[in-house]
Amino acid sequence: MSVAAAVVIPPEQIVLLREAQHVVALTGAGISKESGLPTFREAQTGLWSQYRPEELATPEAFARQPDLVWQWYTWRRALVRQAAPNPAHYALVELAGRVPSFSLITQNVDSLHRRAGSRDVIELHGDILRSRCSSCHAIATDIDEASPSPPPCPQCGAPVRPDVVWFGETLPDDALQAAFNAARSADLLLVIGTSLQVQPAAGIVPLALQAGASVIDINPEPAIIPDERVHTLAGPAAKMLPALVSAAFGPA
């Protein structure tokens, strides 16, 4: 018996997904954790256990100790590259081909969605495998990621940094507006692997509800959202999401 067949999906959720014209998925750290990738704070092990991630992931830390911050991200990039997309990532790729319109918004920086085959991913917090200049902001390619110090920008010579959003920085306006626009036009929002504790991403849910969308919250411990249009599907995304897609549209 397949994993999808072993999961019972509530009929109303099957109908919601099958009849949706624009599905929006919002993903967080939980979906990546199911790929064996530790969350932001769980990742502090070994040499790095003496540091708090909130103290390293800041512009001030990079200005003060650029080598330390760069080496931390070199270590974190290695963790990301060791991880692989899981069935939940692939289920979103499948879903994108089954519905009239689909948007994928992620708070994750691990590129697992794109590695699974998702396209046009709205990355609210950037991509840890991508680097950009700390001064001119140009995306930097052909740099020595293994360098103990931040490589110089090929265009202006300033130190290169990870292309992620640090504490104290604002989210990229184009990504945030794309996410808000998707939420406003959705008739079904899937909340996957996020506790909805971080703003402004947490505002996507009330925005979708205000626009008349329904919500399916797929998490081991679904967030408490007091609205009759919010449906919970309690369980790991790698198990529940493929089952939901299969129940709505049949096996891939």
Item to check | Inter-probe distance in nm under a simple model that places probes 7 Å from Cα toward Cβ, at GLN65 and GLU12 | outcome: 5.2 nm
Checklist entry - For the chain, what's the relative contact order in percent, using C-alpha pairs closer than 8 Å and at least 6 residues apart? => result 27 percent
Checklist entry - Under a no-solvent Debye model with one identical scatterer per Cα of the stretch 129-252, what's log10 I(q)/I(0) at q = 0.13, 0.17, 0.20 Å⁻¹? => result -0.73, -0.91, -1.05
Next on the checklist: Quick query: amide H of ARG132 versus all other amide H atoms, modeled in the peptide plane; which residues come in under 5 Å with a sequence gap of 5 or more or a different chain?
Outcome noted: ALA140, ARG161, ASP163
Item to check | Distance (nanometres) between label positions extended 7 Å along Cα→Cβ at ALA234 and GLU19 | outcome: 2.7 nm
Next on the checklist: Can you give me the angle between helix 237-249 and the longest principal axis of the chain, using Cα atoms only, in degrees from 0 to 90, rounded to the nearest 10?
Outcome noted: 40 degrees
Next on the checklist: Quick check: residue separation of THR39 and SER135 times 0.36 nm, minus the Cα distance between them. What number comes out in nm?
Outcome noted: 31.7 nm
Checklist entry - Using a Gaussian network for the chain with springs between C-alpha atoms less than 10 Å apart, which of these wobbles most: ALA138, ALA20, ALA88? => result ALA138
Item to check | Which of GLY28, ALA182, HIS113, positive extreme of dipole for the chain (C-beta unit charges) | outcome: HIS113
Checklist entry - If you take every DSSP beta bridge whose two residues both sit in the stretch 107-252, what share of them, in percent to the nearest 5, is antiparallel? => result 45 percent
Item to check | Neighbourhood net charge (11 Å Cβ-Cβ; Lys/Arg +1, Asp/Glu -1) for ARG77 | outcome: 0
Checklist entry - So what is the calculated 222 nm ellipticity per residue for the chain, using -39500 (n - 2.57) for each DSSP H run with n of 4 or more, over all residues, to the nearest 500 deg cm²/dmol? => result -10000 deg cm²/dmol
Item to check | J(HN,Hα) series, the stretch 221-233, from Karplus relation 6.51 cos²θ - 1.76 cosθ + 1.60, nearest Hz, glycine and proline x | outcome: 10, x, 5, 8, 10, x, 7, 5, 8, 9, 10, 9, 10
Checklist outcome for this item: PRO236 neighbourhood, Cβ < 10 Å, K/R = +1, D/E = -1, net charge +1
Checklist entry - What net charge is computed for the residues neighbouring VAL99, neighbours being all others with C-beta under 13 Å from the C-beta of VAL99, Lys and Arg scored +1, Asp and Glu -1? => result -1
Checklist outcome for this item: quick note, the chain, DSSP beta bridge pairs, % antiparallel (nearest 5) is 25 percent
Item to check | Length added when fully stretched, ASP174-VAL198, from 0.36 nm per residue minus Cα-Cα | outcome: 6.8 nm
Next on the checklist: How far apart, in nanometres, would the label points at PHE167 and SER101 be if each is projected 7 angstrom from Cα along the Cα-to-Cβ direction?
Outcome noted: 3.9 nm
Item to check | Backbone HN-Hα couplings from phi across the stretch 75-91 [Karplus 6.51/-1.76/1.60, Hz, Gly and Pro as x] | outcome: 5, 5, 4, 5, 4, 5, 5, 6, 7, 10, x, 10, x, 5, 4, 6, 5
Checklist entry - Given Cα pairs under 8 Å that are at least 6 residues apart, what percent is the relative contact order of the stretch 137-216? => result 23 percent
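Throughout, read-outs are computed from the coordinates displayed, never taken from laboratory work. All values reported here derive from a predicted model rather than from experimental measurement. Ideal geometry is used to build each Cβ from the backbone, glycine not excepted, and the neighbour counts take in all protein chains shown.
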